[in-house]
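Notes follow the structure.
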Amino acid sequence: MLKEQKVDLKINLNMMLLILTIALLAATIVLAILFLPKVFLVLGVGGPATFITAFVLLLSWNPKISMPAKVQLQAEPKELVADGRSKSFITIQLLDKKGKPIAAQDDTEVKLTTTGGKLESAFVKIPKGMEKAETVLISSKESGKIDLAADASGLDSIDIKLNFLEKSRYCMHCGTMMQLNAKQCQNCGKTPLAGTDTKVCANCEEVIPFAAKFCSECGAGQPV
Ligand SMILES: [Zn+2]
Ligand SMILES: [Zn+2]
């Protein structure tokens, strides 16, 4: 708490010195133009005053003061099955200018946008004193690459791409992996069942035709 106040004071002091330097420089120039005959007198007083202030400013400047400058997104995993329920854990991390993790100086609101899938929460808050927040992205049923971006006022965003992988499909009769658009199994030649009676696969909890010997979603053999 005390340390933060010190940092704030230092920033304010630097800002005041910077403003003072600019004001002195501007005043010197304006006065020198206005009092053209006495230009050397004005420059003789205003010039050194500006230099001294600028010098003090340089000495007091502390480049170590760092503030959050970027918000970085990370996803674990980056590749997930396009089944509409696979999860990726998203970390929203604050970084300073040099890319080092840094704590929020105030509660920081970050808005997340994605071109695919569903975010558990599109708005996350990184509380003051914390470096990161987390949320979950659930895949869509459409395969392909998606972009995830963060938006927080005054911060650059390091966006990421995630890949929703095409879901595998299995023959219900023999358990062979099938192409998604195949009408017939290339192994047994049978077509997928289209019955109205259904059951739930004990392995992946997908609803599948009652007569299926193998789960079409995960390929697990079904109890007879
Ligand atoms: Zn088959
Ligand atoms: Zn299954």
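The values are calculated or read from the model by the stated rules, or taken from the named source; none is laboratory data. From a predicted model like this one, the values you see are computed outputs, not experimental measurements. We place every Cβ from the backbone using ideal geometry, glycine too, and count neighbours over all the protein chains shown.
Things to note:
- Of all residues in region 90-109 being assigned to a strand (DSSP E or B) and out of contact with any Ser or Thr (no Cβ under 9 Å at 6 or more places or on another chain), the one that is surrounded by the fewest Cβ atoms within 10 Å (Cβ to Cβ): Pro101
- Here Ile158, Ile146, Ile138 are screened, and the one residue that is touching a Gly at 6+ places or on another chain (Cβ under 7 Å), surrounded by 14 or more Cβ atoms within 10 Å (Cβ to Cβ) and closer than 25 Å to Ala69 by Cα is Ile146.
- Test: Ala104 is among the small types (Gly, Ala, Ser), in contact with a strand residue (DSSP E or B) (Cβ under 6 Å, 6 or more places away or on another chain) and closer than 15 Å to Gly154 by Cα: yes
- Identity of the residue in region 59-89, in a loop (DSSP other than H, G, I, E, B) and within 20 Å of the chain's Cα centre (by Cα), that ends up modelled with the lowest pLDDT: Ser66
- Leading residue by the ranking (nearest to Phe210 (Cα to Cα)) among those in region 134-190 that are within 16 Å of ligand 2 (Cβ to nearest atom) and of a type in the set (S, T, N, Q): Thr176
- Tallying residues that are of a type in the set (D, E, K, R) and exposed (fewer than 13 other Cβ atoms within 10 Å of the Cβ) within region 203-224 yields 1.
- If you go through region 94-148 and keep only what is touching a residue at least 40 places away in the same chain (Cβ under 8 Å) and small (Gly, Ala, Ser), you end up with Gly116, Gly117, Ala133, Ser139, Ser140, Ser143, Gly144.
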